[in-house]
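Trainee: For reference, the structure I am asking about is given below.
The values are calculated or read from the model by the stated rules, or taken from the named source; none is laboratory data. This structure is a prediction, so every number in the text was calculated from the model and none was measured. FYI the Cβ positions are ideal-geometry reconstructions off the backbone, even for glycines, and counts take in every protein chain you see. Note: areas computed on protein heavy atoms with side chains; ligands, DNA, RNA excluded. Shrake-Rupley method; radii C 1.70, N 1.55, O 1.52, S 1.80 Å.
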Amino acid sequence: MDNGPWYSKQESSPLKLSRNASITSPRRMDNSELKLIREYNSQVSIPEHQILSFDHLLDEINFGKFQYWIYGIMALMSISEGAQITIFTLMVPILKNEWHISDSLNSLQASFVFVGYLVGSMLSGQLADRVGRKKPFLISSFFTCLLSLGTIACQEIYSLLTVRALLGILVGLFAPCGVTMISEITPGHLRGRYMGLITLTFAIGQLFGLFVAEYTLISLDEGNWRLLTFWCCLPGFLAWFISLFWLRESPRFALLSGQKDLAYNIIEEMIKSNKSSIQFTDDMKIKLSNWTHAMNRIAKNQNNASIMSLFENNRFFLTILIWFNWFILSFVYYGIVLLLPDILSHIEQTQTGRDKIIQLVISCISDILGAVAAAFFIELKGFGRKNSLIIFFTIQALTALMAFYDIEHHFIYWATASKFFLSMTFIFSFQYTAEVYPTKIRTTGIGMANGIGRLGGVIMPWICMYMNSQQLRSPFVLFSVLSIITSFSNCFLPFETLGKELE
């Protein structure tokens, strides 16, 4: 028998639909996809060997130049977002001195950012799951960069509050689009590791912000924050400029939304850019079209791009657990980020401003190391996504507890360790959320999880800044308790997504 191209082997070799759903083909569909295909075949008689899934095709095309450009765009936007977080935290003590802002107004400023992010995240899912990933990303990323520069012109706190809220909305729009895009163009066997590594660019952005701060600020509570803001906007503008030429629509979304010609053109461009040996024949297009029909028929009237669709098909408990996970993650992580400069200024009063910035740099490096470690653990059997969330939330809870109970001079070490494990759990959460929802509601799922997480950021300043004013470092006890509760709740996540194909 002629071996033929890889995709034809599915046709020449019958599918053995045993109890374990094994498939005698070079790549194997996972049980969830087989279940969907069988449900479709019970209504429409198309043999399973006449169906080619997009994930199988993507695995054969593999990872190359096409993905590198899009990953580069998302990395630059993530660097810009990380730098903006650095600016925000550094500006709290600076504006307190320069504009004589009260703690309540600083808390309000933080809340405005996260409320904006929540609104943007809710809109992101509705837009991206209806009109695609590319257009919302291009528009929101451009205005994000423009408004970031607009903060330079603010002369008083209320105009800054308004701009911050609008920035939160725009970041909430583009961030879920970016995560969804790279999850849908990355081969399944690389998805966990590569998406984990791209997440570390957020920490690189924080480092970039601190590097610029070294040359624009005199100390943690004095300096030229406007010049700092200007330089930190540049990676975002560069990302937007590159995206005008290299960003493409998600071919998976194009297929499932009926834009087959667009999807086929993007797939052919991907094959050419990656110098893949695959020949994208008409026969493959027919099989891919059959897969599209199968997925859309099962999803019909079930997976519309709406918030309520996140609770359909036995997803209610799953969605609640994911939202709770994101809420606590944001509350604890941004609580540490916001409190670090203030706590360090009280503990290390004899140190110079440069020494304190170096300590903040070390804490940011821990985020990078955490992302690298997460990229390793996320694909290991026994760890994966779910188990890793349980294990590393527990470890993080212990480090947060030590940050409070150990002597003051050890605080920065425990706080840095806490950020290290939190950066790992962020990656596991992103990955799990991106894989657990079907394509038609994926951005809605990621956006809403992200947005609900930012609600933690809304209430965090009011609780944490008050607790810290009563007893220095006391918020870390709260962080520890919340992390333990979240670790326990993750035990009830219904399944692991390691090795699961995207629906």
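Trainee: Which of Lys285/Lys381; Lys381/Lys440; Lys135/Lys260; Lys134/Lys260; Lys135/Lys386 have a Cα-Cα distance over 24 Å?
Mentor: Going by Cα-Cα distance, Lys285/Lys381; Lys381/Lys440; Lys135/Lys386 fall outside the 24 Å limit.
Trainee: For semi-axes √(5λ) of the Cα gyration tensor in Å, the choices are (i) 57, 39, 23; (ii) 41, 32, 24; (iii) 43, 24, 19; which was calculated from the structure?
Mentor: The listed entry that was calculated here is (iii).
Trainee: Here's a follow-up. Please calculate the 1.4 Å probe accessible area of Tyr68, with all protein chains present, and give it to the nearest 10 Å².
Mentor: Per-residue accessible area (Tyr68): approximately 140 Å².
Trainee: So what's the angle, to the nearest 10 degrees on a 0 to 90 scale, between helix 442-470 and the longest Cα principal axis of the chain?
Mentor: Compared with the principal axis, the helix lies near 20 degrees.
Trainee: Quick one: angle between helix 316-347 and the longest Cα principal axis of the chain, in degrees between 0 and 90, rounded to 10, please.
Mentor: With both axes taken from Cα atoms, the answer is about 30 degrees.
Trainee: Between Asn97 and Ile286, what length in nm is gained on full extension when 0.36 nm per residue of separation is reduced by their alpha carbon distance?
Mentor: 61.4 nm
Trainee: Which order do you get for His346, His56 if you rank them by accessible area with a 1.4 Å probe, largest at the top?
Mentor: Sorted by accessible area, descending: His346, His56.
Trainee: How high is the FRET efficiency between Gln155 and Glu408 when r is their beta carbon distance and R₀ equals 35 Å, given to the nearest 0.05?
Mentor: Details: r = 38 Å, r/R0 = 1.08.
The computed FRET efficiency comes out at 0.40.
Trainee: On to the next question. Quote the accessible area belonging to Lys260 in square angstrom, nearest 10, computed with a 1.4 Å probe and with ligands, DNA and RNA left uncounted.
Mentor: My reading of the accessible area for Lys260 is about 50 Å².
Trainee: Now, a different point. Using +1 on the beta carbon of Lys and Arg, -1 on that of Asp and Glu, and nothing else charged, what's the dipole of the chain about the Cα centre, debye to 20?
Mentor: 1040
Trainee: Tell me the carbon and sulfur percent of the accessible area for segment 142-201, rounded to whole percent, probe radius 1.4 Å.
Mentor: Here it works out to 77 percent.
Trainee: In terms of solvent-accessible area of protein heavy atoms at a 1.4 angstrom probe, what is the ranking of Lys440, Lys287, Lys386, Lys272, highest value first?
Mentor: Lys272, Lys440, Lys386, Lys287
Trainee: Using only Cα atoms, tell me the angle between helix 157-185 and the longest principal axis of the chain; keep it within 0 to 90° and round to the nearest 10.
Mentor: 30
Trainee: Tell me, what is the per residue accessible area of the chain in Å², probe radius 1.4 Å? Don't jump to the answer; show the numbers that get you there.
Mentor: Working: 19900 Å² over 503 residues.
Solvent-accessible surface per residue comes out at 40 Å².
Trainee: What does the extension gain come out to for Phe245 and Trp462, with contour length at 0.36 nm per residue minus their alpha carbon separation?
Mentor: Stretched fully, the Phe245-Trp462 segment lengthens by 73.8 nm.
Trainee: Can you find, among Val332, His409, Leu321, the residue farthest towards the positive end of the dipole of segment 321-412? Put +1 on the C-beta of Lys and Arg, -1 on that of Asp and Glu.
Mentor: Farthest along the dipole direction, towards plus: Leu321.
Trainee: How much accessible area does Arg226 have with a 1.4 Å probe, in Å² rounded to the nearest 10?
Mentor: 60
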